[in-house]
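The values are calculated or read from the model by the stated rules, or taken from the named source; none is laboratory data. Note that this is a predicted model, so its numbers are computed, not measured. Cβ atoms come from the backbone with ideal geometry, glycine included; neighbour counts cover every protein chain shown.
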Amino acid sequence: MVVFTFVAAFVVFCIVQDRVTAAGAVRYVTLHSDPGGSTATIDEVMRPAVRESVREGLAWGGLVAIAGSAIAGVVARRNRRA
């Protein structure tokens with residue numbers, strides 16, 4: 001059960017990190033889609049997006065890990081009593 005929890009937490013991290021990074025890429029393309037658009041470089045847009053994506057991925061993955069570990073602990077305790 002604990003292994004499943006950490007696999008699920010890793011998958012959640014990857015999905016959140018991907019989606020937030022993709023949103024940063026969309027922001028960059030949107031900024032440069034107008035003919036007189038922004039002069040921001042890709043680094044200026046994507047570095048904060050990647051930082052944010054890792055932060056959010058860790059937060060959501062951590063939440064899954066904590067919740068899954070708590071559930072595994074409750075199940076293990078119940079199995080010992082039975």
Subject >> Residue count for the stretch 37-82, restricted to those that are closer than 30 Å to V3 by Cα and part of a loop (DSSP other than H, G, I, E, B) >> reply: 1
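For the stretch 54-77, name all the residues that are of a type outside the set (G, A, S) and without any contact (Cβ under 8 Å) to a residue 60 or more places away in the chain. Reasoning before the result, please.
Within the stretch 54-77, the subset of a type outside the set (G, A, S) is 54-56, 58, 60, 63-64, 66, 71, 74-75, 77.
Hits for the stretch 54-77 are V54, R55, E56, L58, W60, L63, V64, I66, V74, R77.
To keep it simple, each residue is scored yes or no on (1) surrounded by 12 or more Cβ atoms within 10 Å (Cβ to Cβ); (2) not aromatic (F, W, Y).
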site: D43; (1), (2): no, yes
site: G57; (1), (2): yes, yes
site: W60; (1), (2): yes, no
site: I71; (1), (2): yes, yes
site: R81; (1), (2): no, yes
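Do we have V20 as at pLDDT 95 or above, over 30 Å from N79 (Cα atoms) and surrounded by 17 or more Cβ atoms within 10 Å (Cβ to Cβ) here? Break it down stepwise before answering.
Numbers: at pLDDT 95 or above: yes; over 30 Å from N79 (Cα atoms): yes; surrounded by 17 or more Cβ atoms within 10 Å (Cβ to Cβ): yes.
Taking the combined requirement at face value, the residue satisfies it.
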